[in-house]
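To keep things clear, I will list the structure first and then write my remarks on it.
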Amino acid sequence: MDTKFHKDFKSCPACGSTNRFFESMANELKDRGVVRKEWAFYLDIKQGVVMDKVKEQRLIIGSQVPAYTYATDICMDCGCVYAMFIERSNATKSIEPATNMPGPPLGQVIRSS
Ligand SMILES: [Zn+2]
């Protein structure tokens, strides 16, 4: 698989509608000018790596493994939950930080486009 794989899904796979519940609410705020145009809001967004936790210790620092990101929304016409995009990248094993910094709240992400 291409290590920079990215695919957007513009419409509902069940009914073809382009009306999305969370995207519509985010657009209301964009129209009012109270959020940035590049700001996005999803039902859910997940990021992770594909790794066997039992074997992870054997990976040397600097090794790369496949990483994924996907975001979902709900079709406003039929209720289908579907992926808005799926993305593959590479994650590099590094030394674990002493503390984990808190990330953005679930469902929110700033995308550069
Ligand atoms: Zn639908």
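The values are calculated or read from the model by the stated rules, or taken from the named source; none is laboratory data. Here the structure is a predicted model, which is why all the values come from computation and not from measurement. Here Cβ is always computed from backbone atoms with ideal geometry, including for glycine, and neighbour counts include all displayed protein chains.
If a residue has to be part of a loop (DSSP other than H, G, I, E, B) and touching a strand residue (DSSP E or B) at 6+ places or on another chain (Cβ under 8 Å) to count, how many in segment 31-73 make the cut? Walk me through how you get there before you give the answer.
Of all residues in segment 31-73, those part of a loop (DSSP other than H, G, I, E, B) come to 32-38, 42-43, 50-55, 59-63.
This time we only want the ones that are touching a strand residue (DSSP E or B) at 6+ places or on another chain (Cβ under 8 Å), so: 36, 38, 42-43, 50-51, 59, 62-63.
Of the residues in that region, 9 qualify.
For residues that are hydroxyl-bearing (Ser, Thr, Tyr) and farther than 25 Å from residue 22 by Cβ, scanning just segment 80-104, find the one that is modelled with the highest pLDDT.
92
Are any of the residues in segment 43-65 under 22 Å from residue 7 (Cβ atoms), modelled with pLDDT of 95 or more and within 16 Å of the ligand (Cβ to nearest atom)?
Yes; the residues of segment 43-65 include at least one that is under 22 Å from residue 7 (Cβ atoms), modelled with pLDDT of 95 or more and within 16 Å of the ligand (Cβ to nearest atom).
Would you point out the residue of segment 1-34, among those that are basic (Lys, Arg) and within 16 Å of the ligand (Cβ to nearest atom), that is surrounded by the fewest Cβ atoms within 10 Å (Cβ to Cβ)? Before you say what the answer is, go through the steps one by one.
Step one: of segment 1-34, the residues basic (Lys, Arg) are 4, 7, 10, 20, 30, 32.
If we keep only those that are within 16 Å of the ligand (Cβ to nearest atom) too, we end up with 10, 20.
Values: 10: 9, 20: 24.
Going through the qualifying residues, I end up with 10.
Quick one: what pairs do we get from segment 4-19, first residue over 11 Å from residue 85 (Cα atoms) and part of a loop (DSSP other than H, G, I, E, B), second more than 8 Å from the ligand (Cβ to nearest atom) and charged (D, E, K, R), C-beta under 9 Å, 6+ apart or different chains?
Close Cβ pairs satisfying both conditions: 4/87; 4/88; 12/20; 18/10.
State which residue pairs qualify: first residue more than 17 Å from residue 40 (Cβ to Cβ) and among the basic types (Lys, Arg) and inside segment 70-92, second residue modelled with pLDDT of 95 or more and surrounded by fewer than 15 Cβ atoms within 10 Å (Cβ to Cβ) in any location, beta carbons under 9 Å apart, and separation of 6 or more residues or different chains.
Between residues of segment 70-92 that are more than 17 Å from residue 40 (Cβ to Cβ) and among the basic types (Lys, Arg) and residues that are modelled with pLDDT of 95 or more and surrounded by fewer than 15 Cβ atoms within 10 Å (Cβ to Cβ), the close pairs are 88/5; 88/6.
For the subset of segment 39-56 comprising residues that are surrounded by 11 or more Cβ atoms within 10 Å (Cβ to Cβ) and acidic (Asp, Glu), which member is farthest from the chain's Cα centre (by Cα)?
56
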